[in-house]
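Here the structure comes first, spelled out in structure tokens, and everything after it is commentary.
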Amino acid sequence: MSWHPQYRSSKFRHVYGKAANKDKCYDCVPITRNVHDNHFCAVNPSFIAVVTECAGGGAFLVIPIKQTGKLDPHYPKVCGHKGNVLDIKWNPFNDFVIASCSEDATVKIWDIPNQLLKRNITTPKKELLGHARRVGLIEWHPTADNILFSSGYDYKIMIWNLDVKDAVLSKPVKILDAHKDVVLSMSFNTDGSLLATACRDRKIRVIDPRAGTVLQEGSYKSHKVNKVLFLGNMKKLFSTGTSWWNNRQIALWDQNDLSVPLLEEDLDGSSGLLFPIYDSDTHMLYVVGKGDGNIRYYEISPEKPYLNYLMEYRSHSPQKGIGMMPKRGLDVAACEIFRFYKLIPTKSLIEPISMIVPRRSESYQEDIYPLTAAAQPALTAQEWLNGINKGPLLVSLRPGSEVVNSLPQFLEPEPVTKATDLSQQQGGGGRMSLEDKQKPREIEDSRKWLKVEEKLPKNEQMCLSNGFDIFECPPPKTENELLQMYYRQQEEIRRLRELVIQRDVQIKQLELELKNLCTNTGNY
């Protein structure tokens, strides 16, 4: 019998949760008191949206992500629904478009202005009228542009193509009528070709959304499922629910065989729902408890035991809902691999919680930031409806290498040459990737750098240009951009110091050779 060590080697073994300071929280936010089991919060790098209390209909707040502190009690709302708002989701490819669904049986698409809201938004960009009863869930397609899924209490899932020009849509492109009770949860696989659902009839289904066929269906007598989640490309599903004895429970399933779970585990006897959240880049799974302040996190492996418990973030403040920041909005300088926004209605507070990998180095940690999904669609809506599947476009989180909407104006290109051995030892500093050239970085005095580079030999120009792209661009506007620029400048200063030291060594060597030459000629 082989011996298995108790501890596994993992770079995420010491990940810890860090709550933001009070001045970085969002205070005096009237969070909804609705008992519906949803996140009630949606986050992107520009805004945080939260469902709020509103008399005579439903509303939600859209707050700029940098506008922390106390919220003005008269802050404008997005209020066009006639019933309570049950779910909100940002468009993954457009930070200024958000979808909402409500008890009034409608789904609405809203355009959010780039500047601070000055008055209530009451007119949606589009209105989707198809459900006969209230709409409880909405999900954007992960790779196709302008494809939205909605699920209602009429037991139907509707697929909407928002590329059409009509402001009011009453006919979805597809209706999935495979459920006999209310759908509690929806989740896509990585390329959006499959949809997993959890239903109130205790069954988990894997559906081909374009064909409308159920590929797998299953339930287990000792597991009453509430939420289900695709685990990226691992061909596995993760579900949370309750056991026979009403204990909170988690289960892992093979997506091709839902008859028996691969793993089943009771967590505790609390009554609140468990929200599962999966990070496919780091293979970390977070389980957030509603009604308590805990966030458990695990690492997923393709082989047994599949689920490896890492740690638990604990807090005395219970959360009603949770929001998740997309990877492109994280602070990579602080080694932040995930960020939650915790809704605390008892304090009218939204508290950011950062999951951090402890590292001493200030440089970019490439091993904990693999390529992640970009904010650009891989397919058009029509291409996906025609049967094409494509995974998400990937982008590096290294500062300055994001995908941009419009390419900058380049100066004259530099000859790409090899850097000195010293710069290569410091993390490949002499190389500039294609992605690094796609996005201009915030620098001042770029012409001064050009003049310095012109005086240097050609084989050392790349040493100086690593920290900066040579473009004309405005100074940093946000604290995060300023911090990134600061670290790049520190790295550049270090390289320049090393270069000066090399020069001093070369000068001393030349002086010694000159003295030796003089003494030799004097002897003759």
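Could you tell me whether any residue of segment 251-261 is without any contact (Cβ under 8 Å) to a residue 40 or more places away in the chain, touching a Ser or Thr at 6+ places or on another chain (Cβ under 7 Å) and open to solvent by less than 10 Å² (accessible area, probe 1.4 Å)?
Yes - at least one qualifying residue is present in segment 251-261.
Among the residues of segment 29-40, count how many are open to solvent by 60 Å² or more (accessible area, probe 1.4 Å) and either among the aromatic types (Phe, Trp, Tyr) or in contact (Cβ under 8 Å) with a residue 40 or more places away in the chain (or both). Explain how you work it out, then say what you get.
Keep residues of segment 29-40 that are open to solvent by 60 Å² or more (accessible area, probe 1.4 Å), which gives 33, 35, 37.
Add one more test, that the residue is either among the aromatic types (Phe, Trp, Tyr) or in contact (Cβ under 8 Å) with a residue 40 or more places away in the chain (or both), and what stays is 33, 37.
Final tally of qualifying residues: 2.
Quick test for you: out of Leu434, Leu394, pick the one residue that is farther than 25 Å from Pro64 by Cβ, at pLDDT 90 or above and either exposed (fewer than 15 other Cβ atoms within 10 Å of the Cβ) or among the β-branched types (Val, Ile, Thr) (or both).
Numbers: Leu434 fails: at pLDDT 90 or above.
Exactly one of Leu434, Leu394 is farther than 25 Å from Pro64 by Cβ, at pLDDT 90 or above and either exposed (fewer than 15 other Cβ atoms within 10 Å of the Cβ) or among the β-branched types (Val, Ile, Thr) (or both), namely Leu394.
Is it true that Val225 is within 25 Å of Val287 (Cβ to Cβ) and either over 28 Å from the mean Cα position of the chain (by Cα) or not in a loop (DSSP other than H, G, I, E, B) (or both)?
yes
Having 3 or more residues that are over 26 Å from Asn114 (Cα atoms) is the bar; report the strands (runs of 3 or more DSSP E) wholly within segment 3-84 that clear it.
16-19
Please go through (1) under 19 Å from Val225 (Cα atoms); (2) touching a strand residue (DSSP E or B) at 6+ places or on another chain (Cβ under 6 Å); (3) of a type outside the set (Val, Ile, Thr) for Lys327 and return the number of the only condition it doesn't satisfy.
(1)
With respect to the numbered conditions (1) buried (at least 20 other Cβ atoms within 10 Å of the Cβ); (2) acidic (Asp, Glu); (3) touching a residue at least 60 places away in the same chain (Cβ under 8 Å), which one is the sole condition not fulfilled by Asp87?
Only one criterion is unmet by Asp87, namely (3).
Enumerate the pairs (first residue in segment 41-70 and on the phi > 0 side of the Ramachandran plot; second residue anywhere and part of a loop (DSSP other than H, G, I, E, B) and surrounded by fewer than 23 Cβ atoms within 10 Å (Cβ to Cβ)) with beta-carbon separation below 6 Å, excluding pairs fewer than 6 apart on the same chain, so at least 6 apart or on different chains.
Listed by first residue and then by second, the contacts come to Gly57/Lys82.
Within segment 138-155, is there a residue that is among the hydrophobic types (A, V, I, L, M, F, W, C), open to solvent by 10 Å² or more (accessible area, probe 1.4 Å) and either modelled with pLDDT of 95 or more or farther than 22 Å from Lys236 by Cα (or both)? It would help to see each step written out before you state the result.
Here is the first cut: in segment 138-155, the residues among the hydrophobic types (A, V, I, L, M, F, W, C) are 138, 140, 144, 147-149.
If we keep only those that are open to solvent by 10 Å² or more (accessible area, probe 1.4 Å) too, we end up with 140.
So of that shortlist, the ones also either modelled with pLDDT of 95 or more or farther than 22 Å from Lys236 by Cα (or both) come out as 140.
Among the residues of segment 138-155, at least one is among the hydrophobic types (A, V, I, L, M, F, W, C), open to solvent by 10 Å² or more (accessible area, probe 1.4 Å) and either modelled with pLDDT of 95 or more or farther than 22 Å from Lys236 by Cα (or both), which makes the answer yes.
Considering only residues of segment 294-315 that are at pLDDT 90 or above and assigned to a loop (DSSP other than H, G, I, E, B), which is nearest to Ser9 (Cα to Cα)?
If we take residues in segment 294-315 being at pLDDT 90 or above and assigned to a loop (DSSP other than H, G, I, E, B), then Ser301 is nearest to Ser9 (Cα to Cα).
Of the conditions (1) in contact with a strand residue (DSSP E or B) (Cβ under 8 Å, 6 or more places away or on another chain); (2) at negative phi; (3) of a type in the set (D, E, K, R), Lys221 clears all except one; give me its number.
The failed condition is (1).
Against the definition (surrounded by 14 or more Cβ atoms within 10 Å (Cβ to Cβ), assigned to a helix (DSSP H, G or I), under 27 Å from the mean Cα position of the chain (by Cα) and at pLDDT below 85), how does Glu481 come out, yes or no? Working first, answer last.
Numbers: surrounded by 14 or more Cβ atoms within 10 Å (Cβ to Cβ): yes; assigned to a helix (DSSP H, G or I): yes; under 27 Å from the mean Cα position of the chain (by Cα): yes; at pLDDT below 85: yes.
For Glu481, the condition - surrounded by 14 or more Cβ atoms within 10 Å (Cβ to Cβ), assigned to a helix (DSSP H, G or I), under 27 Å from the mean Cα position of the chain (by Cα) and at pLDDT below 85 - is met.
Select from segment 9-44 the residues that are of a type in the set (Ser, Thr, Tyr) and in contact with an Asp or Glu (Cβ under 9 Å, 6 or more places away or on another chain) and write down the one among them that is modelled with the highest pLDDT. Even if it seems obvious, please write down each step before you answer.
At the first step, the residues of segment 9-44 found to be of a type in the set (Ser, Thr, Tyr) are 9-10, 16, 26, 32.
If we keep only those that are in contact with an Asp or Glu (Cβ under 9 Å, 6 or more places away or on another chain) as well, we get 10, 26, 32.
On the way: Ser10: 82, Tyr26: 96, Thr32: 91.
The selected residue is Tyr26.
Given the criterion open to solvent by 20 Å² or more (accessible area, probe 1.4 Å), in a strand (DSSP E or B) and basic (Lys, Arg), identify the matching residue among Arg339, Arg328, Arg360.
Answer to the selection: Arg339.
Would you point out the residue of segment 103-126, among those that are basic (Lys, Arg) and assigned to a strand (DSSP E or B), that is farthest from Trp140 (Cα to Cα)?
Among them, the one singled out is Lys126.
Residue by residue, here is whether (1) over 15 Å from Ser100 (Cα atoms); (2) surrounded by fewer than 21 Cβ atoms within 10 Å (Cβ to Cβ); (3) among the hydrophobic types (A, V, I, L, M, F, W, C) holds:
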position	(1), (2), (3)
Pro45	yes, yes, no
Ile48	no, no, yes
His74	yes, yes, no
Cys79	no, yes, yes
Lys82	no, yes, no
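Of all residues in segment 228-250, which are under 28 Å from Asn389 (Cα atoms), in a strand (DSSP E or B) and open to solvent by less than 20 Å² (accessible area, probe 1.4 Å)?
Val228, Phe230, Leu237, Phe238, Ser239
For segment 168-199, which residues satisfy the criterion of being open to solvent by 20 Å² or more (accessible area, probe 1.4 Å), of a type in the set (A, V, I, L, M) and touching a Lys or Arg at 6+ places or on another chain (Cβ under 7 Å)?
Correct list: Ile175, Ala178, Leu184.
The values are calculated or read from the model by the stated rules, or taken from the named source; none is laboratory data. Remember, predicted model here, so these are calculated numbers, not experimental data. Backbone-built Cβ (ideal geometry, glycine too); neighbour counts: all protein chains shown. Please note that ligands, DNA and RNA were not included when accessible areas were found on the heavy atoms of the full protein model with its side chains. Shrake-Rupley method; radii C 1.70, N 1.55, O 1.52, S 1.80 Å.
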